[in-house]
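Below is one structure; the comments refer to it alone.
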Amino acid sequence: MKPRTLTYGVDDTPPLSALATLGLQQVLMGTAGWVVMAAILAAFSTSAADTQSILRMGMIVTGLGAIVQANRRGPLGSGFLCPPIVSPSFFSVATLAGGGYGLPTLFGMTAVAGAIEVVLARLLPRIRVLFPPEVVGVVMTMVGISVLPTGFPRLLADPATLIAGADQASNVAVGLVSLAAMTACTVWGRGAVKLFPLLIGIFAGVATALCLGCVPPSAYQAVAAEPWFSWPHRAVSSFAFEWSLLLPFTVACFASSLKSIGDLTLCQKINDADWKRMDMASVSRGVTALGATNIVAGLLGTMSQSASSSNVGLSLASGATSRSIAYSFGLLMFLCAFLPKVAATITALPTPITGAAVIYCCCFMMLAGIQLLTSRLLDTRRVLMAGCALAFGLSAGLLPHLYANAPHVLKPLLNSPVSFSAVVALVLNYVMQLGNTRRTQLTLAAGADHYAAIRDGLLDFGASVGARKEAITAATESLHHVMESLATGLATGNITVDIAFDEYNLDLDVSYQGQAIELVKTRPDRDTLLNDPSGLAKLSGWLLGQRADRVRVKTDGDRCHLLLRLVN
C-alpha cells in the first residue's frame, strides 16, 4: 500500500495532545448517531430513563466497535479509522420490534442481526464480483446525498429543529459561520488549523451562538442537572426472539452491510495513492467486526450500528486517518458513557452547528463516491445502471409516500435511499452483464498506422467490461509500440490481437507471421537508434517492458505470439 499525502496516515501515531484532540473531533462528529438513536426511540415512546440508558450503552458499544475496527490482525477489524454509528438502515425494523414487541425483543433481534452480518461478511470474498467499483461508487455517492435532509434543516434552522421561541435568523447565522470556519480551515489552513477544521468550526459556532443569544437557558439547566459520574445500566435485563421479525432484520442487515462496504472501501482509497480495486479481505474483516459489534450491542441493551460515513468523511477532510485515533475515540466514548455531564454538554450543542458539521462531511463523501464511480470506463450499460440506481434511491428519499404500500418486509430497504440504491445497483449490474463478452479481437494490417483503431477498439472494450482508464491507456500505448516494431519488417500479412479481461488483469495476445520482437532490458543508446536498422524495434521492445506489467514472447509453428499483461 502506498500512502497518500496525509497529515497523519493510517500507520502514523500523532503526538498525545493531537491524538486526544483528533479523537474528540471524531466524537463530536459521531453525535449524529445519537440523534438518530433518539429519533428511533421516540418513535415508539420510550421513557426518558430508558432512552438515556440505551444511549449510554450505545456509547460503550461505539467506542468498543471503533477500537476493534482499527485492529488489522486476525478475523476482526479492517485496520482503518472507521467508527460505527447507529444505522438508519434499522430505523423501521427497530421501530417495529420496539413498538410492537418491546425492548427485550429489540435487543434480542439486534444480537441475531449481528450474527447474520458476521456470516454475510465471511461470504464477501466469494461474491466480490457483485461489488465492482461502479456499484460501490453509487453507494458512497448516495450515502452523502442521503444525509443532506438531516443536515440542511439543522444548518438553516428549520423551526422544527429549534427550541420554541428561538430566533431563526440568528441561528442560521450560527450555522453559516460554523460552516464557513470549517471550510476556511480546510482550504487556507496550515498545520493544526488544517488538522482540526471541525473543532474550530464548532468553537466558532458556539461563540457566535453565545453572542447572538442562541443558547437557551434549558441547555444550561440540562447540563447542570446531570451528575458528573454514574454507572450506565441496561434499560431491561431480558431478551426475546420473534420469528416474524427474522426476515425484516435480515434485509436491514444486508442493507447496512452494503453501506459499510462503501465506507470501508473509501477508507482504503483514502490511504492508498495507488488504489486500484477493493481489498475484499480487509472489507470482510471490517464487516465482521461490525457484526460482532452488533452482537455486543444486543447483549448490552442498545441498537444496531454500521460504519459512520460522517466520520470517514471527516478523516478525508482533515487528512488524519491514523488508526491510533480510533483508540482515542474509543476511550473518549467510554468516558462519555460514565460522565453524563460531558455527554449532555456535547448533545446540547446548537442544532445549526451539528448541521454544519454534517454538510461539511457530506461534501467530501459525495465527491469521493463520484470519483470512485468514474474511476472505471463506463459504457451505456454501466451508465444506465448507475443512473437508475441513483434515481430510485433519490425517489425513496424525496417521495417516500410512493412506497407507503410496499410489503412490510421490504420497508427496511425502501425507507433507506442508500439501501434502495445499493440493491438496485447490484441487481442491474448483474442483469446488464448477461451476454456481455469479456473477450474481443482486433485484426490489423502490418505496416499501416492503426493508432486510432487501436485506441477506439480498446476504449470500447474497456468501457464494456469496466476496466480502469489507466490500464486501457497503457494497453493502447503498448500495442501502438508493438505495431511500430512490426512495421519495420518483422511481420507479414495481418496481425491478430486477442484481448481478454478479468477484474485483475488485461491480457493482449499479439499473433503474427514473421520474426519475434527482441525484448531488451536496457534502453538502446543513441548510436544504436541512429545506425542500427533494428534500433527502432529495440526501442519499442524496451518500451513494452516499461508500459506493461509482464511481457513475453513465444512461437507456435510459423507464428509468433507477443503476450502482454497489464494489471487492472
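Only one of the numbered conditions (1) among the small types (Gly, Ala, Ser); (2) modelled with pLDDT of 90 or more; (3) open to solvent by less than 10 Å² (accessible area, probe 1.4 Å) is not met by Ala111, and that is (3).
The set of residues in segment 551-568 that are outside any strand (DSSP E or B) and farther than 20 Å from Ala446 by Cα contains only Asn568. Taking segment 199-241 as the range and being among the aromatic types (Phe, Trp, Tyr) and at pLDDT 85 or above as the test, the residues that pass are Phe203, Trp228, Phe229, Trp231, Phe239, Phe241.
Note on segment 312-331: among residues that are surrounded by fewer than 24 Cβ atoms within 10 Å (Cβ to Cβ) and part of a helix (DSSP H, G or I), the one that is modelled with the lowest pLDDT is Ala317.
I want to confirm something. Restricting to segment 332-343 and keeping residues that are open to solvent by 20 Å² or more (accessible area, probe 1.4 Å) and in a helix (DSSP H, G or I), which single residue is modelled with the lowest pLDDT? Result: Val342. Is it true that some residue in segment 298-320 is of a type in the set (Ser, Thr, Tyr), more than 22 Å from the chain's Cα centre (by Cα) and closer than 16 Å to Leu24 by Cα? Checking segment 298-320: not a single residue is of a type in the set (Ser, Thr, Tyr), more than 22 Å from the chain's Cα centre (by Cα) and closer than 16 Å to Leu24 by Cα.
Condition first: touching a strand residue (DSSP E or B) at 6+ places or on another chain (Cβ under 6 Å), at pLDDT below 80, open to solvent by 20 Å² or more (accessible area, probe 1.4 Å) and small (Gly, Ala, Ser). Can you find one or more residues in segment 530-549 that meet it? Yes; the residues of segment 530-549 include at least one that is touching a strand residue (DSSP E or B) at 6+ places or on another chain (Cβ under 6 Å), at pLDDT below 80, open to solvent by 20 Å² or more (accessible area, probe 1.4 Å) and small (Gly, Ala, Ser). Within segment 435-445, does at least one residue satisfy the condition of being open to solvent by 30 Å² or more (accessible area, probe 1.4 Å), closer than 30 Å to Gln515 by Cβ, at pLDDT below 85 and outside any helix (DSSP H, G or I)? Yes: segment 435-445 contains one or more residues that are open to solvent by 30 Å² or more (accessible area, probe 1.4 Å), closer than 30 Å to Gln515 by Cβ, at pLDDT below 85 and outside any helix (DSSP H, G or I). Looking only at segment 496-509, decide whether some residue is farther than 17 Å from Ala548 by Cβ, aromatic (Phe, Trp, Tyr) and modelled with pLDDT of 85 or more. Looking through segment 496-509, none of the residues is farther than 17 Å from Ala548 by Cβ, aromatic (Phe, Trp, Tyr) and modelled with pLDDT of 85 or more. Residues that are farther than 27 Å from Lys276 by Cα, open to solvent by less than 40 Å² (accessible area, probe 1.4 Å), in a helix (DSSP H, G or I) and modelled with pLDDT of 85 or more do not occur anywhere in segment 186-198.
In segment 148-159, the count of residues that are closer than 30 Å to Pro350 by Cβ, open to solvent by less than 10 Å² (accessible area, probe 1.4 Å) and touching a Gly at 6+ places or on another chain (Cβ under 6 Å) is one or more. Only one of the numbered conditions (1) modelled with pLDDT of 80 or more; (2) part of a loop (DSSP other than H, G, I, E, B) is violated by Leu349, and that is (1). Check segment 201-216 and report whether any residue there is within 21 Å of Ser309 (Cα to Cα) and not polar (S, T, N, Q). Yes, segment 201-216 contains at least one residue that is within 21 Å of Ser309 (Cα to Cα) and not polar (S, T, N, Q).
Only a single item in (1) touching a Leu at 6+ places or on another chain (Cβ under 8 Å); (2) buried (at least 18 other Cβ atoms within 10 Å of the Cβ) is not met by Ile353, and it is number (1). There is no residue in segment 251-258 that is open to solvent by less than 10 Å² (accessible area, probe 1.4 Å), at pLDDT 85 or above and either in contact with a Gly (Cβ under 9 Å, 6 or more places away or on another chain) or over 26 Å from Val567 (Cα atoms) (or both). Only one entry of Pro3, Pro14 meets the criterion of being at pLDDT 80 or above and either closer than 27 Å to Ala192 by Cβ or not in a loop (DSSP other than H, G, I, E, B) (or both), and that entry is Pro14. Per this entry, Leu413 is not counted among residues that are surrounded by fewer than 19 Cβ atoms within 10 Å (Cβ to Cβ) and over 30 Å from Asp12 (Cα atoms).
Total residues in segment 177-228 satisfying the condition of being in contact (Cβ under 8 Å) with a residue 40 or more places away in the chain, charged (D, E, K, R) and more than 20 Å from Ala343 (Cα to Cα): the figure is 1. Considering Leu372, Leu384, the condition of being surrounded by fewer than 20 Cβ atoms within 10 Å (Cβ to Cβ) and assigned to a helix (DSSP H, G or I) is satisfied by Leu384 alone.
Looking at segment 356-377 only, could you name the residues that are of a type outside the set (Gly, Ala, Ser) and touching a Leu at 6+ places or on another chain (Cβ under 8 Å)?
Val358, Ile359, Tyr360, Cys361, Cys362, Phe364, Met365, Leu372, Leu377
Considering segment 452-492, and only residues there that are farther than 30 Å from Leu384 by Cβ and open to solvent by 50 Å² or more (accessible area, probe 1.4 Å), the residue that is nearest to the chain's Cα centre (by Cα) turns out to be Glu484.
Evaluate segment 551-560: report whether one residue or more is modelled with pLDDT of 70 or more and touching a Pro at 6+ places or on another chain (Cβ under 9 Å). Within segment 551-560, not a single residue is modelled with pLDDT of 70 or more and touching a Pro at 6+ places or on another chain (Cβ under 9 Å). The residue of segment 50-81 that is farthest from Gly291 (Cα to Cα), among those that are touching a Gly at 6+ places or on another chain (Cβ under 7 Å), in a helix (DSSP H, G or I) and open to solvent by 30 Å² or more (accessible area, probe 1.4 Å), is Ile67. Of the residues making up segment 421-434, just one is touching a residue at least 12 places away in the same chain (Cβ under 8 Å) and open to solvent by 80 Å² or more (accessible area, probe 1.4 Å), namely Tyr430. Tell me yes or no: at least one residue of segment 389-403 is open to solvent by 50 Å² or more (accessible area, probe 1.4 Å), farther than 28 Å from Arg468 by Cα and not in a helix (DSSP H, G or I). Within segment 389-403 (the criterion being open to solvent by 50 Å² or more (accessible area, probe 1.4 Å), farther than 28 Å from Arg468 by Cα and not in a helix (DSSP H, G or I)), the answer is yes, since at least one residue qualifies.
Confirm whether Thr476 is at pLDDT 85 or above, among the hydroxyl-bearing types (Ser, Thr, Tyr) and part of a helix (DSSP H, G or I).
Working: at pLDDT 85 or above: yes; among the hydroxyl-bearing types (Ser, Thr, Tyr): yes; part of a helix (DSSP H, G or I): yes.
For Thr476, the condition - at pLDDT 85 or above, among the hydroxyl-bearing types (Ser, Thr, Tyr) and part of a helix (DSSP H, G or I) - is met.
The values are calculated or read from the model by the stated rules, or taken from the named source; none is laboratory data. Bear in mind the structure is a predicted one, so any value in this text is a computation, not a measurement. Neighbour counts run over all protein chains shown; Cβ positions are idealised from the backbone, glycine included. Ligands, DNA and RNA are stripped out before the accessible areas are found, and what is left, the full protein with its side chains, is counted by its heavy atoms. Shrake-Rupley method; radii C 1.70, N 1.55, O 1.52, S 1.80 Å.
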